[in-house]
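Chemist: Mind having a look at this structure? Questions to follow.
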Amino acid sequence: MQKLSFKNRIAFHYIITTALLIFVVFSAIYSIVKYSVYNHLNTDISREVQNHLSEIEVKDDNFRLVHLEEWNEREHNTLDVNPVFIQFLNENKESIEKSPNLKSENLKFNFSTENYELYDTKLLNNKIRQIQVPIYSESKLIGYLLVAMSLEGAAMVLTNLSEILLIAYPLILVLLFFIARFIAGRSIKPISAIIKTANIITKDNLKSRIVLPQKKDELFVLSQTINSLLDRIETTIDREKQFTSDASHELRTPLTVIKGTLEVLIRKPRDNEEYQNKIKYCISEVNRLNHLVDQLLLLARFENQNQSLKIEELSLNSIISEVLSRYSTVIETKKCKISSNFSEDFTVKSDHYLLAIVLNNLISNALKYSKENGTLQIQLFSSTEQVECAIIDSGIGIAESDLEKIFHQFYRSNVGEHPEIKGTGLGLSIVRKLCFLLKVNITISSKENSGTRVVLSFPKTSLTES
């Protein structure tokens, strides 16, 4: 079965709801009209009962019409549109007197019906509504008054009404379906524009955007959300293109250097010392290449923000001491003075492996960009809500205009001014991603030729709790 279009489904669902509502309304109309018609008949019959009870005379346990001849002449001698039938019975349910319009027929006494109760019955196959009222002489039952009125007029009204409602019901639903379909088509017209725009958007054409509707309704929000999604996709793809370009350049540079060195080396015989120097240089470039690949793999590994974490209580003092001991040779070579006198043991809840990478990159950068005989301070503070770790160096510093860019992949500040300082430009990008995963806030402040201060703020609540 072919699926309905979106606007047809909207119209169909609308019609289902409307059909139920109209059915309830039509049923209520029919019930109200029926109640009104029957109530009118009941009132008329009750009035006839009162009138005829007042026209009889009870005497010696018998009753008779006071003005019989006048009564016969006045009424009930013809069959009107809604004729009234009157009949008097004695205590044995035998007819004593009846209205001329009954002719040879008699109203039937219903033994199963209570007195004064209105009920429907038939007279000559015509529907009538009847009541039977007892007549008493003091407390003795001496007869009955039967009053009936024709239901043909009421039945005709109800039949005509039901036919009108039954014919109107499907016609109204069909008409409403096409109206709802038209309105739904107009309402979802912006969706067609969204589809048209989405069809022309490809990986090579991400500039197009959906025109926002004038009315700020749900379709406006949808269009705005899709445009925001396209903005994020475009930014991500541009970033990936830039990353691929930068990564290719960074990988190509050491390979070109190694190739050039080896080509120069084989052009003519060299002495052992020159061979050793060139080979050591190539090895250093290979090590740099390995380090770059390791950084790229690490960056790709933690690109997924759903990385599983092994949260445990860690000693910041111990991790910092491990990192410093790892760089003891660099510290001795540059004659850096390390200041890390911790007043107490500071603990945080985090992932040991990831936190060690963060501190290793930050301390490595601090030592790399520190001047000889410089100082490196590592301070730990604790407050009611967080533990802070400050890494302060007295190195070359970072220009204020570059502070926003240092977390970008492959970005290095003032490379031309300090060519002797090697690096990949990936360290701080990795640090930022890991800090995001660990819910650690990182802030960097710096001044050129004065040094840089990096502060890590660890929440005291567990990551699993947050």
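Chemist: Counting just the residues of the range 430-450 that are charged (D, E, K, R) and under 39 Å from the mean Cα position of the chain (by Cα), which one comes out modelled with the highest pLDDT? Don't jump to the end; show me each part of the working.
Modeler: Pass one, the range 430-450, residues charged (D, E, K, R): 432-433, 439, 447-448.
Those left that are additionally under 39 Å from the mean Cα position of the chain (by Cα): 432-433, 439.
Working: Arg432: 83, Lys433: 82, Lys439: 87.
So the residue we want is Lys439.
Chemist: Let me ask something else. Please name all residue pairs, on different chains or six or more residues apart, with Cβ atoms under 8 Å, provided the first residue is in the range 390-401 and is crowded, with 21+ Cβ neighbours inside 10 Å and the second residue is part of a helix (DSSP H, G or I) and modelled with pLDDT under 80.
Modeler: Listed pairs, sorted by first residue: none to list.
Chemist: Got a sec? Which of Asn106, Asn72, Asn90 is surrounded by 13 or more Cβ atoms within 10 Å (Cβ to Cβ), more than 30 Å from Ser27 (Cβ to Cβ) and at pLDDT below 85?
Modeler: Asn72
Chemist: If you don't mind, another one. With the structure loaded, tell me whether Ser95 is free of Cβ contacts under 8 Å to residues at least 12 places away in the same chain and either open to solvent by 20 Å² or more (accessible area, probe 1.4 Å) or touching a strand residue (DSSP E or B) at 6+ places or on another chain (Cβ under 6 Å) (or both) or whether it fails that test.
Modeler: The answer is yes for Ser95.
For every residue, the table says whether it meets (1) at pLDDT 80 or above; (2) open to solvent by 80 Å² or more (accessible area, probe 1.4 Å).
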{"position": "Ala154", "(1), (2)": "yes, no"}
{"position": "Thr159", "(1), (2)": "yes, no"}
{"position": "Glu163", "(1), (2)": "yes, yes"}
{"position": "Ile172", "(1), (2)": "yes, no"}
{"position": "Leu175", "(1), (2)": "yes, yes"}
{"position": "Ile179", "(1), (2)": "yes, no"}
{"position": "Ile194", "(1), (2)": "no, no"}
{"position": "Ala198", "(1), (2)": "no, no"}
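Chemist: I would also like to ask the following. Since Leu206 meets every condition but one in (1) within 22 Å of the chain's Cα centre (by Cα); (2) farther than 21 Å from Phe6 by Cβ; (3) among the hydrophobic types (A, V, I, L, M, F, W, C), which condition does it not meet?
Modeler: Leu206 satisfies all of (1) within 22 Å of the chain's Cα centre (by Cα); (2) farther than 21 Å from Phe6 by Cβ; (3) among the hydrophobic types (A, V, I, L, M, F, W, C) except (1).
Chemist: Follow-up. Quick one: what pairs do we get from the range 339-361, first residue free of Cβ contacts under 8 Å to residues at least 40 places away in the same chain, second part of a helix (DSSP H, G or I), C-beta under 6 Å, 6+ apart or different chains?
Modeler: Phe342/Asn317; Asp345/Asn317; Ala356/Ile319; Asn360/Val323
Chemist: Okay, next question. Would you check which residues across the range 327-350 are at pLDDT 85 or above and either of a type in the set (Phe, Trp, Tyr) or open to solvent by less than 40 Å² (accessible area, probe 1.4 Å) (or both) and list them?
Modeler: Residues satisfying the conditions are Cys336, Phe346, Val348, Ser350.
Chemist: Any chance you could count how many residues in the range 200-235 are open to solvent by less than 50 Å² (accessible area, probe 1.4 Å), within 27 Å of Tyr14 (Cβ to Cβ), assigned to a loop (DSSP other than H, G, I, E, B) and among the aliphatic types (A, V, I, L, M)?
Modeler: 1
Chemist: Right, here's the next one. Suppose the filter is at pLDDT below 80, touching a Leu at 6+ places or on another chain (Cβ under 8 Å) and assigned to a helix (DSSP H, G or I); does Glu250 pass it?
Modeler: Yes; evaluated as a whole, the condition is true for this residue.
The values are calculated or read from the model by the stated rules, or taken from the named source; none is laboratory data. Because the structure is predicted, anything quoted here is derived from the model rather than measured. Here Cβ is always computed from backbone atoms with ideal geometry, including for glycine, and neighbour counts include all displayed protein chains. Accessible surface areas use protein heavy atoms only, side chains included; no ligands, DNA or RNA. Shrake-Rupley method; radii C 1.70, N 1.55, O 1.52, S 1.80 Å.
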